[in-house]
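Rule-based calculations on the coordinates, nothing more; no lab input. Since the model is a prediction, treat every value here as computed from it, not as a measurement. Every residue, glycine as well, gets a Cβ built from its backbone with ideal geometry; the counts of neighbours run over all protein chains shown.
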Amino acid sequence: MAYQVRLEVFEGPLDLLLYLIKKNEVNIFDIPIAQITEQYLEYLELMEILDLDISGEFLVMAATLMHIKSKMLLPPEETPVEEEEEDPRAELVKRLLEYARFKEAALALRKKELERKEEFIRKEGARQFIDEEGNVYFEASLFDLITAFSKAVGHVSRETFQQIIRDEVTVEEKIHELLHLLTTKEVIYFREILERAKSKIEIIATFLAILELIRLKEIVARQKELFGEIEIIRNEKHRLVPERSIS
């Protein structure tokens, strides 16, 4: 069987769309639907290859994007001058704006909670936290990790991924290796971890090990700015002994 990673807090399709809009620096009111749809499907394909636990909402959104794309490719219907044809993207933009406002409100509430309690540790589920030296970090999202992984591994076929189960490199071994590495270094860089791998199989196993350790709350993936370099640190609240076997 393939090694499947199920994240307890898994970003949804609207998070992925907002991520792609920010990454491409496009106007949310004028989304280049063909470009965004293509990138969205690429992410879904990579997530499927990695055997991540994808909810049905992602597939529904994929169908929605394809529908919008097809409508925009059709020639405009002739309508009276006083009637303006509705933009096929309008409903999607409305959903994205509402969701973005909801996320901003939730973040503001968490920030106020931190200020009231004068705490400088990362709250469970918070996207922003401050270390002991006062440096502000943002927790890297799953999509940030997938983007960095994609750059490192290039095109990965399903057959290549499935070779993990036959290869000497295993996810469990990579989990132990990462935990040992973090006993000697306070911070390790995501890019450097992947660059140390000697094959695509090892890169994939390393990436899955990182996701599993995030799920177990053993490590935190952080970055100083949006789309910045990703750092991996231990989560001091939850520490496993490196030699412990994880099933």
Inset, instruction - Any chance you could run the full-extension gain for residue 54 through residue 170? It's 0.36 nm times the residue separation minus the Cα-Cα distance, nm to one decimal. - result: 39.5 nm
Legend entry - Order of 176, 67 under a 10 Å beta carbon neighbour criterion, fewest first: 67, 176
Legend entry - Sorted by Cβ neighbour density within 10 Å, fewest at the top, the residues 207, 149, 102: 102, 149, 207
Inset, instruction - Past 30 Å, Cα to Cα, is the threshold; run 151/174; 103/174; 103/198; 94/217; 22/69 against it and keep the listed order. - result: 103/174; 103/198; 94/217
